């Protein structure tokens with residue numbers, strides 16, 4: 001191998017783009033040629049400095065939310081066409097066949113309705129809360145009133161919802177208030193108080209309820225944590241992608257301010 005051939009192949013060698021035999025030939029030449037070896041060393045050092053100076057960015061919550069929402073969306077079911085020829089059974093009694101098909105349709109509808117009813121209740125509310133949280137992470141959807149002052153956020157809800165939400169100021173404890181908004185959950189307009197923890201958004205939902213149990217509920221879905229806490233006759237849910245331990249700490253702080 002000549003020096004020119006070696007120098008022409010150095011970039012490909014450093015980038016790992018040479019075939020094994022070509023890379024071996026270049027390395028053999030470098031072992032016997034000091035000038036080419038020096039050029040190779042400079043190229044390697046320059047490449048390392050460039051890689052070390054590259055800026056690395058963490059994906060924002062909005063992008064994470066869109067990716068998670070896309071992954072959570074079920075794939076459409078592909079029904080393969082039936083190509084097999086059905087056996088011939090002679091003349092068909094069409095009135096009986098139609099009646100049988102109608103019966104199957106009714107039974108199928110009843111089964112679907114029964115399944116939907118089982119999915120209602122707490123599961124349905126959790127799905128609504130998760131969709132609301134993901135939607136809030138998109139630009140312009142997080143707050144209707146943006147303020148870190150509880151005396152601005154709390155009065156904003158007067159006349160807009162049928163309750164006065166709790167709006168504690170927790171910024172000294174690491175959970176700054178950023179504002180509030182109104183969302184639609186479980187068939188009603190509810191207040192949402194918004195906090196942050198580093199780059200994580202925390203949405204606090206609350207609405208009056210006469211059937212609130214004393215049981216705390218914790219769930220997770222697609223990388224998000226949901227915690228339900230009964231507080232003085234209110235249904236309160238906290239949703240965030242913050243890790244479970246820190247989110248539970250936030251819940252204790254928030255609930256303890258009432």
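Overview of results
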{"item": "Number of the exception - residue 224 against (1) out of contact with any strand residue (DSSP E or B) (no Cβ under 8 Å at 6 or more places or on another chain); (2) surrounded by 12 or more Cβ atoms within 10 Å (Cβ to Cβ)", "result": "(1)"}
{"item": "Restricting region 128-178 to residues that are part of a loop (DSSP other than H, G, I, E, B) and in contact (Cβ under 8 Å) with a residue 60 or more places away in the chain, the residue that is surrounded by the fewest Cβ atoms within 10 Å (Cβ to Cβ)", "result": "139"}
{"item": "Checking residue 184 against (1) in contact with a strand residue (DSSP E or B) (Cβ under 7 Å, 6 or more places away or on another chain); (2) in a strand (DSSP E or B), the condition it does not meet", "result": "(1)"}
{"item": "Matching residues, region 227-248, being surrounded by 16 or more Cβ atoms within 10 Å (Cβ to Cβ) and not in a strand (DSSP E or B)", "result": "241, 242, 246, 247, 248"}
{"item": "Matching residues, region 202-226, being touching a residue at least 40 places away in the same chain (Cβ under 8 Å) and not in a strand (DSSP E or B)", "result": "222, 223"}
{"item": "Counted residues, region 223-258 - those being at positive phi and at pLDDT below 90", "result": "2"}
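The values are calculated or read from the model by the stated rules, or taken from the named source; none is laboratory data. Keep in mind it's a predicted model, so treat the numbers as computed, not measured. Every residue, glycine as well, gets a Cβ built from its backbone with ideal geometry; the counts of neighbours run over all protein chains shown.
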